Amino acid sequence: MTRAPLHPETIALHGGFRKDPATNAVAVPIYQTTSYQFDSAEHAANLFALKELGNIYTRLMNPTHDALEKRIAALEGGAAALAVASGQAAATYAILNLVQAGDNFVTSTDLYGGTWNLFANTFKQMGIEARFVDPSDPQAFARATDEKTRAWYAETLPNPKLQVFPIAEVAALGRSLGVPLIVDNTAAPLICRPLDHGAAAVIYSSTKYIGGHGTAIGGLVIDGGTFDWAAHAERFPLLTQPDPSYHGAVWTEAAKPMGPIAYILKMRLTLLRDLGAATTPFNAFLHIQGLETLPLRMRAHCDNAVKVAAFLARHPKVAKVIHPSLQTGEARARADAHLKGGYGALMGFELKGGREAGRAFIDALELFYHVANIGDARSLAIHPASTTHSQLSAEEQLATGVSEGYVRLSIGIEHIDDILADLEHALEKA
Ligand code: PLP
């Protein structure tokens, strides 16, 4: 009997791990070890030569990390995944795995500020050019592409504009040119599966919804396994030419016995090995715990967010609310084409009273936490004009979609009446 594929709610609990092979433990154990005893000289030699798969050293692999990697790969419909120390490490490795000094990649302008800095400044210092293009014009990605372009990059639901990126359209264009689209899906786990829309790889800051409780930093990279690197060999020398850092391995060949995982295999065995942004068994455990209830939490986050957006839109002190549930036209059509089961729980709104109203609102909140984070089970708020965006000029702030009276919310899973009461009370003071 063939069984139907499992649903996300089930994969979140069962994916990638049945029981601990050593103890039969049902919860994923925290394998707090740096190293693993080799059975014999031959066993060690085989592991290093990739003739056999197994544990060598926790910077490279660990059974707790492995359970998280398998589970997220299953949830995303990917071939394999890699857990790393942070979302920043995930974005860094996702690009450096394909792009080297003298190369370029094309990226949406609508990015998390940390990613923007990484791309515009740190990568530039490394001789890598990030070409920024307007995400509302898919053809802009093609126009910015040349023979040195190794990847395209975007976020599914970028803050603060919260306009869903046209993943399907851009990914298809990229595939026609032999360029993979890498998508940061941090703001939309479960409600969007970028690989289903043609992305080649997905990254997460698992610090956010996946961890879900504001307890641990982490990042994930998922290899879709559907991009044919060898078919565009000239574009991807790092994957298709002998790698001097791994005794001449050609990653597209070396991966063959293990499946279509050249991208993630190379990332683990070169970038994670050399740059060392490994996660920890404890943090991986926390993010496995988070994944187990992610379907329930995402539903609650999204349901609350729609109600908050409607409430704010009716409020006399609010000039504008930014949330996909309130969008119309093309933006809404893109949201509906890419998101299932909710519109996410990030939201922005503009206070008519401008900067001072924004500050007064934040100071009056009692339930919402005032933090520089998103995706916690608790409701969070920040006033970008006086914090994350304070170094930008007024014009630059507006270009990123942030006005003086703009407030960002990350709606949590508290009872909706308590969330609305806190907002109502703070708006009175704004
Ligand atoms: N990507 C997005 C969309 C984010 O919001 C963040 C952090 O806020 C990151 C990446 C970076 O992740 P981390 O803080 O885990 O390094």
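To the nearest 10 degrees, how steeply does helix 281-314 sit against the main Cα axis of the chain, on a 0 to 90 scale?
That works out to roughly 30 degrees.
For residue 57, what charge total do you get from the other residues with a beta carbon under 12 Å from its beta carbon, if Lys and Arg give +1 and Asp and Glu give -1?
That works out to +3.
If you average the C-alpha positions of region 218-260 and of region 322-378 separately, how far apart do those two centres end up, in angstrom?
Rounded to whole Å, the Cα centres lie 39 Å apart.
Taking a ≥ b ≥ c as the square roots of the eigenvalues of the Cα gyration tensor of region 1-131, is the shape rounded (a/c under 1.5), prolate (a/b larger than b/c) or oblate?
oblate
For a 32 Å ceiling on Cα separation, which of these pairs sit above it: 148/320; 51/340; 51/124; 208/256; 307/352; 307/429?
With Cα atoms farther than 32 Å apart: 148/320; 51/340; 51/124; 208/256.
Angle, helix 87-96 long axis vs. longest principal axis of the chain, Cα atoms, 0 to 90°, nearest 10?
50
Shape of region 217-336 from its Cα gyration tensor (a ≥ b ≥ c, root eigenvalues): rounded if a/c is under 1.5, otherwise prolate when a/b > b/c, or oblate?
Prolate is the answer for region 217-336, as a/c is 1.5 or above and a/b outweighs b/c.
Sort 332, 150, 314 from largest to smallest accessible area, using a 1.4 Å probe on the heavy atoms of the protein chains.
Result of the area sort, largest leading: 314, 332, 150.
Region 41-106: which trypsin sites (Lys or Arg not before Pro) are DSSP loop and have at most 12 other beta-carbon atoms within 10 angstrom?
Sparse-neighbourhood loop trypsin sites (Lys or Arg not before Pro): 51.
Largest first, how would 61, 258 line up by accessible area (1.4 Å probe)?
258, 61
Give me the accessible area of residue 217, 1.4 Å probe, in Å² rounded to the nearest 10.
Accessible surface of residue 217 is approximately 90 Å².
Could you pull out every residue, at least 5 positions away or on a different chain, whose amide H is within less than 5 Å of the one on residue 107? Hs are placed 1.01 Å off N in the peptide plane, and Pro or chain starts have none.
Answer set, sorted by chain and number: 131, 132, 133, 153.
Relative to the first principal axis of the alpha-carbon coordinates of the chain, what is the inclination of helix 167-177, with its axis defined by its Cα atoms, in degrees from 0 to 90 and to the nearest 10?
That helix lies at roughly 40 degrees to the long axis.
Distance between Cα centroids, region 7-25 to region 145-186: provide it in whole Å.
Answer, in whole Å: 32.
Let me know the Rg and Dmax you get for region 296-429 when you use only its Cα atoms, in Å.
Expressed in Å, the Cα Rg and Dmax of region 296-429 come to 14.2, 40.
Could you please report the charge total around residue 154, scoring K, R as +1 and D, E as -1 over all other residues with beta-carbon less than 10 angstrom from its beta-carbon?
-3
When a/c is below 1.5 the answer is rounded, else prolate if a/b is larger than b/c, else oblate, so apply that to region 361-430 with a ≥ b ≥ c taken from the square roots of the Cα gyration tensor eigenvalues.
prolate
Give me D for the chain in µm² s⁻¹, whole number, from Stokes-Einstein with Rh from the Kirkwood sum over alpha-carbon pairs, 10 °C and 1.306 mPa s.
71
Counting only other residues whose beta carbon sits under 12 Å from that of residue 373, what net charge do I get with K and R as +1, D and E as -1?
Result for the neighbourhood of residue 373: +2.
For residue 319, enumerate residues with amide H under 5 Å from its amide H, sequence gap 5+ or separate chain, H modeled in the peptide plane.
350, 351, 352
The values are calculated or read from the model by the stated rules, or taken from the named source; none is laboratory data. Fair warning: this is a prediction, and the values are worked out from it, not measured in the lab. Positions of Cβ are backbone-derived with ideal geometry, glycine not excepted, and every protein chain shown enters the neighbour counts. For accessibility, only protein heavy atoms count, side chains too; no ligands or nucleic acids. Shrake-Rupley method; radii C 1.70, N 1.55, O 1.52, S 1.80 Å.
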